[in-house]
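**Q** Supplied in structure tokens, the structure appears directly below.
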Amino acid sequence: MCLATSGPGATNLVTGIATAYMDSVPVVAITCNVNLPLLGKDSFQEVDIAGITMPITKHNYIVKDVNILADTLRKAFAIAGSGRPGPVLVDITKDVTAGSCEYEKKEPKAVDKIMRCSEDEIKEAVKLIEQAEKPYIYVGGGAVLAEAYQEVREFAQIVDAPICDTLMGKGVCDGHDERYTGMIGMHGTKTSNFGVSECDLLIALGARFSDRVVGNPQKFAQNAKVLHIDIDAAEINKNIRTDVSLVGDLKEVLKKLNGRLTRQEHGEWMQHIAQLKERFPLSYDDSVLSCPYIMEEIDRATKGEAIITTDVGQHQMWAAQYYKYSRPRTLLTSGGLGTMGYGLGACIGAKMGCPDKICINIAGDGCFRMNMNELATASRYNIPIIQVVINNHVLGMVRQWQTLFYGQRYSQTILDDGVDFCKVAEGLGCEAILVTKKEEVAPAIEKALSLKKPVLLNCIIPEDDKVFPMVPAGAPISEAFDAKDLAEK
């Protein structure tokens, strides 16, 4: 839940609401507005926030009577958490906030588990799975929201299939599991991209086939039949045509499937995937300080048990690739909207909600500028988070595209204004550590973990480091390339 005043206070929530909408995050945003007689008269600090947010909320309300306020809020929370979760906005006029009424306490209604698929559809899905010789499982953020990670792992064992994930699906499959092949899509592993391109059955679990996953939809998984399981019927056949679809809560659907399926064996297919993993491992230049190296050191120091939040860009992809997530909800990131500045606030929130967890935000220097004032919040309340700035003095992801696809015509991507992030952090009441060499990384992380207060690590990396593998926008994912491929051209 979040609260804001009228006018600019309400409009300041819009990006956050859109971020929640794109990533199916249940949020209730409560805003205030002018007195009821002043609505619609361009009054001071009046905006039609319900109209503004209508396309990016599941529902919204304008409360004009104090007697319906409590029931409206109950409905808002129920809608936000039911079905496919998402944001709901409640706008309250000023006179309602000052009004009074008799309050009756009511127990919140339990959220019903949606199950729209029939027994015949379940049988059809079972038949499709049992006929497959080269199945591949593709897991999205819906599996996290459904709390279905145990069922997904059991399903992968029963089907005897490799499993890949999206950015939002991290942690559903243990990153150390031999079945796990990494992320799929634009910056997915070659194993996942090539494997999905070769499979004869693609099983999508709580995923929406976004453009960053699919690439060219006409050439996506061309050899495969598609089984799509999702709670939102609107996602079925929206981007990719399916052969069989099951609409319902993923956890409940998988319980049914797991109970009906016989254990499959696909030894030759799994061996082929293992060979792809061996042939196409993730790699980076280990001669210099880099974000992949930093992420591996963070993974080592935290034993993979931290909550990692990120902003958006190259560092986000490196954090997804090189930290081994073993449980869901340990990567918090803006996937659908790609909101720069998301990570620091998310990290503070994660630490407040999980005080016993190590919480680390990974940000690029461009993203950090969007919201670095929140270090003052962490300092004020002595919230012991670690802010890692991957500082290449450029907008790294945009520069990568300008280098690879726009003839190295660099525009508005160089950040050379001399801002000293260590001094900024110290000025806002935090500790700060400058990291310029590989051998400084481990001691810096250990010191940050030991201080029990907000700490910034300013890590200087080369400006032209790139995220690989990569698939050009709109190209088939089977055309993923890396630095070695570029060098051989």
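**Q** Tell me which residues come under 5 Å, amide H to amide H, from Leu201 once H is placed; ignore anything under 5 positions away on its chain.
**A** Residues meeting the amide H criterion: Lys134, Tyr136, Lys225.
**Q** Could you state the principal axis extents of the C-alpha atoms in the stretch 247-310, from the largest down, to the nearest angstrom?
**A** Taking the Cα atoms of the stretch 247-310, the three principal extents are 51, 32, 22 Å.
**Q** Can you sort Leu375, Leu331 by 1.4 Å-probe accessible area, starting with the largest?
**A** The ranking, largest first, comes out as Leu331, Leu375.
**Q** Under a 1.4 Å probe, what is the accessible area of the chain per residue, stated in Å²?
**A** That works out to 46 Å² for each residue.
**Q** Determine the equivalent ellipsoid of the stretch 139-274 by diagonalising the alpha-carbon gyration tensor, then write out the semi-axes as square roots of 5 times the eigenvalues, largest first, rounded to whole Å.
**A** For the stretch 139-274, the ellipsoid semi-axes come out as 19, 19, 15 Å.
**Q** For Thr377 and Lys357, compute 0.36 nm times the residue count separating them, minus their Cα-Cα distance, and round to one decimal in nm.
**A** Length gained between Thr377 and Lys357: 5.3 nm.
**Q** Considering only protein heavy atoms, what is the solvent-accessible area of Met22 at a probe of 1.4 Å, reported in Å² to the nearest 10?
**A** My reading of the accessible area for Met22 is about 70 Å².
**Q** What figure, in Å² to the nearest 10, do you get for the accessible area of Leu337 with a 1.4 Å probe and non-protein molecules left out?
**A** Leu337 has an accessible surface of roughly 70 Å² with all protein chains in place.
**Q** Now for a different question. What is the log10 of I(q)/I(0) for the stretch 292-395, computed with the Debye formula using one identical point scatterer on each Cα and no solvent, at q = 0.18 Å⁻¹?
**A** Values, matching the q order: -0.79.
**Q** Treating the Cα atoms of the stretch 36-96 as identical point scatterers in vacuum, please give the log10 of the normalised Debye intensity I(q)/I(0) at q = 0.17, 0.25, 0.28, 0.29 Å⁻¹, two decimals.
**A** Listed by q, the Debye log ratios stand at -0.61, -1.06, -1.18, -1.21.
**Q** If N is the number of residues in the stretch 1-111, what value comes out of its Cα radius of gyration divided by 2.2 N^0.38 Å?
**A** The stretch 1-111 yields a ratio of 1.05.
**Q** Pull up all non-local amide H partners of Asn237: gap of 5 or more, or a different chain, and H-to-H distance under 5 Å with H placed in the peptide plane.
**A** Thr242
**Q** Something else about it: Rank by packing, highest mean first: peptides 440-449, 339-348, 149-158, with packing defined as the count of other Cβ atoms within 10 Å averaged across residues.
**A** Per-residue Cβ counts within 10 Å, averaged per peptide and sorted highest first, yield 339-348, 149-158, 440-449.
**Q** What does the stretch 79-221 give for Rg and for Dmax, in Å, if only its C-alpha atoms count?
**A** 20.3, 66
**Q** A further question on this structure: So, counting K/R as plus one and D/E as minus one, what does the shell of residues with Cβ under 12 Å around Trp401 add up to?
**A** Local charge sum for Trp401: +3.
**Q** A further question follows. How much accessible surface does Asp482 have with a 1.4 Å probe, in Å² rounded to 10?
**A** Accessible area, nearest 10 Å²: 30 Å².
**Q** Please report, for the Cα atoms of the stretch 424-489, the Rg to one decimal and the Dmax as a whole number; what are they, in angstrom?
**A** Expressed in Å, the Cα Rg and Dmax of the stretch 424-489 come to 18.4, 50.
**Q** Let me ask something additional. Could you look at the stretch 241-305 and say what percent of its accessible area is carbon and sulfur, using a 1.4 Å probe and all protein chains?
**A** 43
**Q** Here is a follow-up. Once the convex hull of the alpha carbons of the stretch 1-51 is built, what does its volume come to per residue, in cubic angstrom?
**A** Dividing the Cα hull volume of the stretch 1-51 by its residue count gives 70 Å³.
**Q** Taking all protein chains in place and a 1.4 Å probe, what share, in percent, of the accessible surface of the stretch 77-181 do carbon and sulfur account for?
**A** C and S fraction of accessible area: 48 percent.
**Q** Follow-up question, since we're still on this one. When Rg is the radius of gyration of the Cα atoms in the chain and Rh is its Kirkwood radius, what does Rg/Rh come to?
**A** 0.99
The values are calculated or read from the model by the stated rules, or taken from the named source; none is laboratory data. Since this is a predicted model, take the numbers as computed values, not measurements. Cβ coordinates were reconstructed from backbone atoms using ideal geometry, including for glycine residues, and neighbour counts include every protein chain displayed. The protein model used for the area step is the full one, side chains on, heavy atoms only, and it has no ligands, DNA or RNA in it. Shrake-Rupley method; radii C 1.70, N 1.55, O 1.52, S 1.80 Å.
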